[in-house]
Every structure is written in structure tokens, then in C-alpha cells.
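One structure is given below, encoded as C-alpha cells.
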Amino acid sequence: MNRLIRNDPCWCGSGKKYKQCHLKQDRATRHRQRKGGNPADEIIIKTEEQIKGIRQSSRLTRDTLDMLTERIIAGVTADDINQWVHEYILDHDAIPAPLNYRGFPKSVCTTLNDGVCHGIPDGTVLQEGDILNVDVTTILNGYYGDSSRMFLIGQVSDQAHRLVEMARQCLDLGIEQVKPGCALGDIGHAIQQHAEGHGYSVVRDYIGHGTGIRFHEPPQVRHFGKPGTGIRLSPNMIFTIEPMINVGGHQVRVLQDNWTVITADGSLSAQWEHTVRVTQDGVEILTA
Ligand code: MF3
Ligand code: CO
Ligand code: CO
């Protein structure tokens, strides 16, 4: 069967020959399934109904971040942001996914300056010159949407400003790669080339992920890599791209709270995140 259609166009719509696109991956999947593999290890190709639900949740994620735009200024605390996010999401009949997720104590992640990700909101007062990532994940009717943005507090340094722009460009470049037949390594490569080409580094230890039905699903989406490597995309895969870009080295460490990740060298870090869907011929940014 495989042999007969090796030279046919791949079913995913990439226009590539099957043997140059999904053939190897399909064989591996069948092999795993024959061996009675765990379904949780498989990428979930979303149904139309699931896509509708994830799209709705993703819009709520976006609206939650929009709601914060005017409010995040010098003088507010990270706890204020947590409170606003918590209430906004509950008011919209949804649940903030971080709350109690693997013991995470708050409803949103707020990550400041040399923070990389997973900051826990506390009484810290935002000050002029700070850069802050706010990472919102909603569960609406059981479906997840996950997105984060950078917020600049007043005037920030040129270094901070450029970093935030770089991280944003990295996300955009990653998203641009997404279409059927694209390899995950193409996404990582595009991001890594851009960041490292401008003297920045890409965090290795935290990565994007499938999402929608569970908070974190396969596949793992690295923000570095080699073109043509890793699994190939097909329509109705849904995952996040969320590059963390550092001014200094890529190494990170986790604080005593067991959550907050910071750069090992104390340099600034920035991150933007979207949830995206692979369409028939490209990408839908669900959280845009
Ligand atoms: N939203 C994060 C992500 O992009 C995950 C946060 S997990 C939490 O994957 F527990 F810290 F909320
Ligand atoms: Co995410
Ligand atoms: Co997130």
C-alpha cells in the first residue's frame, strides 16, 4: 500500500510527494499503535467541533490580554493583574488554566525583566522601565487557548525595547512557516536563525506545545532546530509557538518557588505566544 502511493502527492495537501512528506511519520504512528502505545502521546488532529471550541477559548484569551493593555502601568502590582485576569475569565464563564495546574498558585503567569517564564504574581510593584510578560490560558467549555504578550512599563531602555521587538519578530517568523508539510524543525530554525543572527539567544529548556483539549499536548515545539527535521504538520493540528529570547546566554535557572524561571546570567528575557492552527494551506492564529 505505502509502496504504491510513495510518489503520489501527500494527503496533507503540501503538494510534496508522499515519500518526501508524511510517509515515514505515518509508518511510525502505525507502529506505535500496533504496539499498544499511549493515546496521550499522539498528536490530536482536531475535529470541526473542537476547532470551534478552541477558537472561542482563544478569543477569550486574546480579549483578556486586551483588557490588560490600558491597565498595566507603573504602580500596579502583579497581584492586581492576577485579580483582573481571574475575575475577567470567571465573568466570561471560563476558568483560568494556570490556577492549581501542577500546584501553580495563581490564575496567570507574570514574568518580569530577567524572568523567562512562569512567574508567580505577587505584591511586586511595576516600575517605569520594567518589561513584563503576561501569559494567559483560558479553559472555555473544556477547550484551551494560550497566549502571552510583553508589556512595557513607561519608557524602557533601548536594550529592552529592541529585545521585545526581536522576540515578537521571532514569533511572527515562526508562525510564517506554518503550513501542511512544514517540519517542526523549520519553525525552530527560522526563529533561531533570526535571534542568533542578531546576537540574541533562544531558551532551550522551555518550548511550545500542542494545546486545545489539554493544556499541554504533543507535539513539543522547539524554538531552535534544523530545517526538515521533526514531525511534519498537517491540517487541524493546534499548537503554541512561544519563543523566549535572551539578551545574554540561553541558560536558565528555576527559583526556590519551583516555578519562576530566570536567565542564568541575569540578562533580560522576552516572550510572546500565540495558539495557532494548521489550515489546508497555511495558518490561522487563533489567539490573534
Ligand atoms: N502558559 C504557559 C505556557 O505557555 C504554561 C504555564 S503553566 C503554569 O505553556 F502553571 F505556570 F501556569
Ligand atoms: Co504555552
Ligand atoms: Co502560555
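The C-beta contact set for region 84-97 (first residue of a type in the set (S, T, Y), second residue in a helix (DSSP H, G or I), distance under 7 angstrom, 6+ apart or interchain) comprises Y88/T64; Y88/M67. Where strands (runs of 3 or more DSSP E) fall wholly inside region 82-198, the ranges with 2 or more residues that are over 20 Å from I245 (Cα atoms) are 131-140, 143-152. Considering G230, G188, the condition of being on the phi > 0 side of the Ramachandran plot and either away from ligand 3 (no atom under 16 Å from the Cβ) or in contact with a strand residue (DSSP E or B) (Cβ under 9 Å, 6 or more places away or on another chain) (or both) is satisfied by G230 alone.
Total residues in region 213-237 satisfying the condition of being surrounded by fewer than 17 Cβ atoms within 10 Å (Cβ to Cβ), free of Cβ contacts under 8 Å to residues at least 60 places away in the same chain and away from ligand 2 (no atom under 12 Å from the Cβ): the figure is 4. The numbered conditions (1) assigned to a strand (DSSP E or B); (2) in contact (Cβ under 8 Å) with a residue 40 or more places away in the chain; (3) touching a Lys or Arg at 6+ places or on another chain (Cβ under 9 Å) are all true for T240 except (3). Inspect all residues belonging to region 251-261 and state whether any of them is in contact (Cβ under 8 Å) with a residue 12 or more places away in the chain, hydroxyl-bearing (S, T, Y) and either outside any loop (DSSP other than H, G, I, E, B) or under 30 Å from P9 (Cα atoms) (or both). No, region 251-261 contains no residue that is in contact (Cβ under 8 Å) with a residue 12 or more places away in the chain, hydroxyl-bearing (S, T, Y) and either outside any loop (DSSP other than H, G, I, E, B) or under 30 Å from P9 (Cα atoms) (or both).
Residues in region 130-161 that are over 21 Å from D79 (Cα atoms) and either free of Cβ contacts under 8 Å to residues at least 40 places away in the same chain or among the small types (G, A, S) (or both): G142, G145, Q155, V156, S157, D158, A160, H161. Consider region 70-81. How many of its residues are without any contact (Cβ under 8 Å) to a residue 40 or more places away in the chain and assigned to a helix (DSSP H, G or I)? Of the residues in that region, 1 qualify.
Tally up the residues in region 128-165 that are aliphatic (A, V, I, L, M), more than 16 Å from ligand 3 (Cβ to nearest atom) and in contact with a helix residue (DSSP H, G or I) (Cβ under 9 Å, 6 or more places away or on another chain), please. Here the count works out to 3.
Each reported figure results from applying straightforward, stated rules to the coordinates on display, with no laboratory input. These figures come from a predicted structure and were not determined experimentally. We place every Cβ from the backbone using ideal geometry, glycine too, and count neighbours over all the protein chains shown.
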